[in-house]
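Reviewing the structure listed below.
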Amino acid sequence: MTSLGTTIQVGQPSFPKYRKERYLLNLSEQDFLRKVLRPLLLSQGLKDVADINNHACDGNEFPAFVGHDALGNEEVYAVLLKLGPLNPSRTTELQEVISRVASALKAKLFHSETASKRTPTKILLCAAGKISEKARIPLAKEAGESRLVLWDANDIIQRLDNQLREFWLGADTAITPYFRQLQRSLEDSSENLGIPDLLPSGTIPSAVTDQMFVPLRLFRTTVRIQKQNGQPTRVPAFEQLPLTGIIRKPDRMVLIIGGAGSGKSTSLKRLAYIQSEQRLHQGDERIIPIILRAIDFYGDAGSLEELGRKAVAKLLDSGSQFISESDFVGGKVSIFVDSLDELPDDDARTAVIQKIQAFHQTFPKCQVIATSRPLPFIETSTIISAFSQYNLVSIDFKQAEKIVTRLRRKKSLPASKTQELLRRIQQVHGFELNPLLVTVFAATSESDRKDIPANITELFKKYTEMMLGRWDATKGLGQQYHAPLKDFLLRKTAFEMHRRRVTSISQADLGEYVRAELESRGHKTDADQLLDEIIHRSGLFRKIGDNIEFRHLLLQEFFAGRGIQSVSQLKEVISDVWWQRAIVFYFGENPGDSAGLLELMSILPKQPADSVYCASVALGLSLQAAYLVETKHKLEILWAVMDGLSTSKDSFMASVMKGVNEYPINRFLSYYLFGRDAVACSFLGDNCDKIKERIRKIANTNDAEVRTFWLIVGLIEAGHLKEAKKQLDTFTPKDSRILFSIYMGAVLLQQVRIATPEEKEVAAIITKDLSHVVALLRDQLLKELKSVLIEVRQGNVHLLEQ
């Protein structure tokens, strides 16, 4: 950045006031307005009329800005500039200024609310020098004290010091309003799933602020050296770092992976918030953060650079360009791309990734951080290999307690009861504890509660019933419509959105759809009032322009899953990852539907070879939600899940990293990682012998070996470590990759995941027992990872070339 004139150098810690005065006096009228007054007015919440309407200032002598008073009325400011001091000794200058004030009072300026012109509400006279007290008297007499605002050099310098402290360090104040507006949008607590208006404690800060943010952590598989039998040996390890540490890493393309509700979006917003704080309050040149959502731009033909510029201009409601080419070239821009998983298919994800890669090739110094759920696309697509991949660590009980306490404030649950309820939630839902789950729990729990919903569907039902039916009651407002009617319409709407593979819908389309649904059922009702209660008063939606969308994709999946009408509909989408979580919610709504699960089980062998794996995962996750199904049926279905995972091993592994050379360890680990949640059934511990007996009947086959593998994986994932250790003691598979995957899972549980001390102790024994067996595979894995990176970087992968 250039310094402010010849007397002020970039990077000086402070400047004497006389030097600031001298700087203002040396400015031209154009620079006085553009470099000083405009950024200062924008930082106070005003808008430049020229940004609102390019033709609004045609023929105007005075720059105009608009803002709102405390009552929400729009005020129009006419700005007058005076480059030097103003005092009675300069009679001619003073008379000229008084004449200009009189002209400004009669000027017709643009009024944005009525899109018409009218006289200004106030006159803002800004002088680069001092305005003496004697000069103020005739000015006030001419304009009236209520319509005249005077700023001289003292006022301007004080405001710059208070509101644009980085100005004197040579920062480009044209971009400063963006940082302030970005912070305002990030601090908007309405993004917290409507919780601020629901909880008795009243308004709460945004989840990204220092008061509310619970520090999240990232991890990735890495290597460390340790001595074994006196020899240094490379062993897999899990590198952990605070979320905020990722922006200090040298990695320029980063993918953060986390399950539904794990805090991916909040993480990106927190990173952008921190970078804005650094720019605004530390006063030196810092990174310009830009937040984009993959769903909003994947069909846009523009480059990532162009999309970033549009996002900045949109936030400022201005067509001006605030980011220079040198900012991109110098790596002064961070781009955060949220929710690759919200894209409708892998082709769309590939298009977005390619756009990120093209940006990286042009501006290699800029950091791009994207987020996604752990989709098969992440495991199978070669194009992802170019990213440094990090996983979000599940929050622990202490972090969960902090979320509950901060959300509920004075009405928080007793610490002992909170911890016990959180432990029970962790056990019954089959979900790792995550911020979204805990937030919903905080909204639905009361200090005297003794019951815990039996699955995540029931937990979300309690939450959405409160939002739809009790939200207005807490504010003393009557409800015109019952929550069940609104719930019915939301199920229909979400199912239709999911069927179309979209996450947003125009308000007009939603209105037509709701009216049609009501009319088809003979309901004569006020659809507009009903839509208002659903969209604006429930807190379940957010508006983006003329469109609306659920505040979280998991909410859309919740309603869409409960909108599924029959098992025949499930058959059509059982292998579609887009529907996977919705299917789980369907069985959470119908936890005793053993017939439905058995029917889906029967079609697994009929699925195309490349679809069996994903269908088996969906069935296994659904089984865990169906807690009322009899154990004998659960065992049949779990066996079918293991069978599907086993028989689809080769076809799934063949799809992993297409276009690169053969990497058997990586392929098998991908096969293990995406499928492990499907077998994490809590009932497995008490029924392990029954599964083992079925495996014995197919002994001495590859199928038996792979099924035993999934049995042990299921025991580990469900927390039955002792039983897993017992099975391992007599398990000698021919494929050593099986033991290597189990070894990696035990290391992960020992070092990263939430577990009891006893479970971690058993996990440590498993890793120690298997360490010598998998030593060669560890080295092979490291070689594979290096080779994959080399292939990607050298452009030898066909998909990347496309």
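The values are calculated or read from the model by the stated rules, or taken from the named source; none is laboratory data. Model, not experiment: these values are computed from the prediction. Don't worry about glycine lacking a Cβ; one is built from the backbone with ideal geometry, like all the others, and counts go over all protein chains shown. Please note that ligands, DNA and RNA were not included when accessible areas were found on the heavy atoms of the full protein model with its side chains. Shrake-Rupley method; radii C 1.70, N 1.55, O 1.52, S 1.80 Å.
Annotations for the structure displayed:
- Whichever residue in segment 486-528 is polar (S, T, N, Q) and out of contact with any Asp or Glu (no Cβ under 7 Å at 6 or more places or on another chain) and, among such residues, is nearest to residue 564 (Cα to Cα): 493
- Where strands (runs of 3 or more DSSP E) sit wholly within segment 107-188, those with at least 3 residues that are modelled with pLDDT under 85 and either touching a Cys at 6+ places or on another chain (Cβ under 7 Å) or surrounded by fewer than 18 Cβ atoms within 10 Å (Cβ to Cβ) (or both) occupy 116-118.
- Taken over segment 500-536, the criterion of being farther than 16 Å from residue 485 by Cα and in contact (Cβ under 8 Å) with a residue 24 or more places away in the chain is satisfied by 501, 502, 503, 504, 505, 506, 507, 508.
- Residues located in segment 355-373, provided they are in contact with a strand residue (DSSP E or B) (Cβ under 8 Å, 6 or more places away or on another chain) and open to solvent by 20 Å² or more (accessible area, probe 1.4 Å): 357, 360, 373
- Candidates 539, 561 - the one that is crowded, with 23+ Cβ neighbours inside 10 Å and in contact (Cβ under 8 Å) with a residue 40 or more places away in the chain: 561
- Flag if residue 640 is at negative phi, surrounded by fewer than 24 Cβ atoms within 10 Å (Cβ to Cβ) and among the small types (Gly, Ala, Ser): yes
- When 571, 492, 543 are screened for being modelled with pLDDT under 85 and among the basic types (Lys, Arg), only 543 passes.
- Being modelled with pLDDT of 95 or more and surrounded by fewer than 24 Cβ atoms within 10 Å (Cβ to Cβ) holds for only one residue in 606, 634, and it is 634.
For every residue, the table says whether it meets (1) outside any helix (DSSP H, G or I); (2) within 15 Å of residue 238 (Cα to Cα); (3) in contact (Cβ under 8 Å) with a residue 60 or more places away in the chain; (4) open to solvent by less than 30 Å² (accessible area, probe 1.4 Å).
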site	(1), (2), (3), (4)
730	yes, no, no, no
734	yes, no, no, no
739	no, no, no, yes
746	no, yes, no, yes
749	no, yes, no, yes
753	yes, yes, yes, no
759	no, no, no, no
764	no, yes, no, no
767	no, yes, no, yes
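- Residue within segment 676-694 that is under 15 Å from residue 574 (Cα atoms) and crowded, with 22+ Cβ neighbours inside 10 Å present: yes
- Annotation note: of 337, 352, the sole residue that is buried (at least 19 other Cβ atoms within 10 Å of the Cβ) and assigned to a helix (DSSP H, G or I) is 352.
- Scanning segment 670-722 for residues that are of a type in the set (Val, Ile, Thr) and part of a helix (DSSP H, G or I), we see that the one that is nearest to residue 623 (Cα to Cα) is 679.
Residues are listed down the side, and each one gets a yes or a no for (1) at pLDDT 85 or above; (2) open to solvent by 50 Å² or more (accessible area, probe 1.4 Å); (3) farther than 21 Å from residue 356 by Cα:
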position: 253; (1), (2), (3): yes, no, no
position: 257; (1), (2), (3): yes, no, no
position: 282; (1), (2), (3): no, yes, yes
position: 292; (1), (2), (3): yes, no, no
position: 304; (1), (2), (3): yes, no, no
position: 307; (1), (2), (3): yes, no, no
position: 323; (1), (2), (3): no, no, no
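- Segment 374-392, subset assigned to a helix (DSSP H, G or I) and among the hydroxyl-bearing types (Ser, Thr, Tyr), residue surrounded by the fewest Cβ atoms within 10 Å (Cβ to Cβ): 382
- Residues of segment 488-526 satisfying the condition of being closer than 21 Å to residue 578 by Cβ and among the charged types (D, E, K, R): 491, 492, 496, 499, 500, 501, 509
- The set of residues from segment 562-576 being of a type in the set (D, E, K, R) and more than 19 Å from residue 455 (Cβ to Cβ) comprises 571, 572, 576.
- Which listed residue, of 697, 658, is at pLDDT below 90, surrounded by fewer than 16 Cβ atoms within 10 Å (Cβ to Cβ) and under 32 Å from the mean Cα position of the chain (by Cα): 658
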